[in-house]
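Notes follow once the structure below has been shown.
The values are calculated or read from the model by the stated rules, or taken from the named source; none is laboratory data. No experiment lies behind these values; they were computed from the predicted model shown. FYI the Cβ positions are ideal-geometry reconstructions off the backbone, even for glycines, and counts take in every protein chain you see.
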Amino acid sequence: MEQIETRFGWVEYTPEEIVHFPEGLVGFEQLRRFVVMPREEDEPLVCLQSVDEGAFAFLLADVGHFFPSYTVRVAQAERQVLGVGADASVVVLAMITVHGDDSITVNLAAPVLYAPDTKCAFQKVLETTEFSTRTPLPVHKEGEEPETVSSTGA
């Protein structure tokens, strides 16, 4: 068991829990190893805690939970980076930003692609997209269908 001091306190993890970002994140290329908190399945929001530098953590949303019609094509070259074949599952996540006015947005223009089978991920910058880096996170109440994102983004 290893541990790192973070702004949330000490976080313990095993090497098997590390998610590898071979290219880092946009603007944070030096950060390549993370653990996911919480570790429960089916959580729509997760915290991606860097184990390279404990001061860095990012909140991510399972895009499919909030935007069921949002899709990202995963090219063969991207699957190679993730270390998975054509039939393997790839989860699409989006970085969340909480702004000073307490509004919450997600970055649909640069989703994070995560392969659970290999614990490998990378952030894909969509070159030509109608989606925004500041798409409002929809309010989703239990038992209701989530809102869909407009084709023009936000």
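Of the set (1) under 23 Å from Thr129 (Cα atoms); (2) surrounded by fewer than 13 Cβ atoms within 10 Å (Cβ to Cβ); (3) of a type in the set (A, V, I, L, M, F, W, C), all apply to Ala55 but (1). Scanning segment 26-56 for residues that are basic (Lys, Arg) and modelled with pLDDT of 95 or more returns Arg32, Arg33. If I ask for residues that are under 20 Å from Glu78 (Cβ atoms), of a type outside the set (D, E, K, R) and surrounded by fewer than 14 Cβ atoms within 10 Å (Cβ to Cβ), which ones from segment 1-31 would you list? Those that are under 20 Å from Glu78 (Cβ atoms), of a type outside the set (D, E, K, R) and surrounded by fewer than 14 Cβ atoms within 10 Å (Cβ to Cβ): Pro22, Gly27. Among the residues making up segment 68-99, those that are within 23 Å of Glu130 (Cα to Cα), in contact with a strand residue (DSSP E or B) (Cβ under 9 Å, 6 or more places away or on another chain) and either free of Cβ contacts under 8 Å to residues at least 12 places away in the same chain or part of a loop (DSSP other than H, G, I, E, B) (or both) are Tyr70, Thr71, Val72, Val74, Val90, His99. Going residue by residue through segment 13-32, is there one that turns out to be more than 25 Å from Asp87 (Cβ to Cβ), of a type in the set (Gly, Ala, Ser) and assigned to a loop (DSSP other than H, G, I, E, B)? Within segment 13-32, one or more residues are more than 25 Å from Asp87 (Cβ to Cβ), of a type in the set (Gly, Ala, Ser) and assigned to a loop (DSSP other than H, G, I, E, B). Take the conditions (1) over 14 Å from the mean Cα position of the chain (by Cα); (2) surrounded by 12 or more Cβ atoms within 10 Å (Cβ to Cβ); (3) on the phi > 0 side of the Ramachandran plot; Lys119 misses just one of them, which is (1). State which residue is surrounded by the most Cβ atoms within 10 Å (Cβ to Cβ) when the search covers only segment 33-52 and only residues that are assigned to a strand (DSSP E or B) and hydrophobic (A, V, I, L, M, F, W, C). Across segment 33-52, the extreme among qualifying residues is Phe34.
Comparison of Val81, Val63, Val74 shows that the only residue that is closer than 25 Å to Leu126 by Cα, within 12 Å of the chain's Cα centre (by Cα) and aliphatic (A, V, I, L, M) is Val63.
Scanning segment 58-88 for residues that are charged (D, E, K, R) and exposed (fewer than 14 other Cβ atoms within 10 Å of the Cβ) yields Arg73, Asp87.
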